[in-house]
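A short worksheet on the structure shown next.
The values are calculated or read from the model by the stated rules, or taken from the named source; none is laboratory data. Predicted, not measured: the structure shown is a model, and the values here were computed from it. Methodologically, a virtual Cβ is constructed for each residue, glycine included, from the backbone with ideal geometry; neighbour enumeration extends over all protein chains shown.
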Amino acid sequence: MTAPRRQTVYHPLPPGDAGSAATLGHMARMIRESVHDPIVASLSGRVTAEMVVARHLFNFVQRHVLRYPDEYGPEVAEEIRTPGHMLEEIGRLGHTLGDCDDMTTLLGALYHGLGWPVTLIGVWFTRPDQDPHVYLEVELAGRRIAADPLVPEPFGWSVPAEEGARRMEWVV
């Protein structure tokens, strides 16, 4: 079967419910035939159920973890909260507190729990006034996609290469 022609189609319709039924029938036929259209197949192949779930979990972490940076005293110590503790607080309070380490650990645990490969990305910036940062990349449909829930950017955004002086990857 050949790909359907890309066009706007005008169909004369009977009045009332019969016209609505005819429209639904035309729409159903166009949906069925679209599986043979390379443009539709190309986009459908890139938007997988995994990507939808991954984006939903990313948005969940962004919405429910309030940014709370570590406070460093005379000694440097890192506080990282466990994913279970954070989820328990979200369930009880509707939110939890955390920094990039906490958000990344929670999101990584959710992705890893679904069986998706996760790589932690540590970035040290060229500017001395910027603290080191961590986010993750999740492998979906054979490619790694950045997920940095700390920043107000969409799923797939990552620190631009020119901003980071050094980068370290740690496969989970």
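Among the residues of region 129-156, the ones that are surrounded by 15 or more Cβ atoms within 10 Å (Cβ to Cβ) and in contact with a Gly (Cβ under 7 Å, 6 or more places away or on another chain) come to 4 in all. So in region 56-98, with the set limited to residues that are among the β-branched types (Val, Ile, Thr) and at pLDDT below 90, which one is nearest to Ala109 (Cα to Cα)? Here the answer is Thr82.
Put simply, of Leu87, Leu93, Leu107, Leu120 the only residue that is without any contact (Cβ under 8 Å) to a residue 24 or more places away in the chain, surrounded by 14 or more Cβ atoms within 10 Å (Cβ to Cβ) and either in contact with a helix residue (DSSP H, G or I) (Cβ under 7 Å, 6 or more places away or on another chain) or within 21 Å of His56 (Cα to Cα) (or both) is Leu87. Has region 128-143 got any residue that is in contact with a Lys or Arg (Cβ under 6 Å, 6 or more places away or on another chain), within 22 Å of Val61 (Cα to Cα), among the β-branched types (Val, Ile, Thr) and assigned by TED's automatic domain parsing to the domain that holds Val61? No: region 128-143 contains no residue that is in contact with a Lys or Arg (Cβ under 6 Å, 6 or more places away or on another chain), within 22 Å of Val61 (Cα to Cα), among the β-branched types (Val, Ile, Thr) and assigned by TED's automatic domain parsing to the domain that holds Val61. Among the charged types (D, E, K, R) and either touching a His at 6+ places or on another chain (Cβ under 9 Å) or closer than 26 Å to His95 by Cβ (or both): does that describe Glu153? Here the answer is yes, as Glu153 does meet what is asked.
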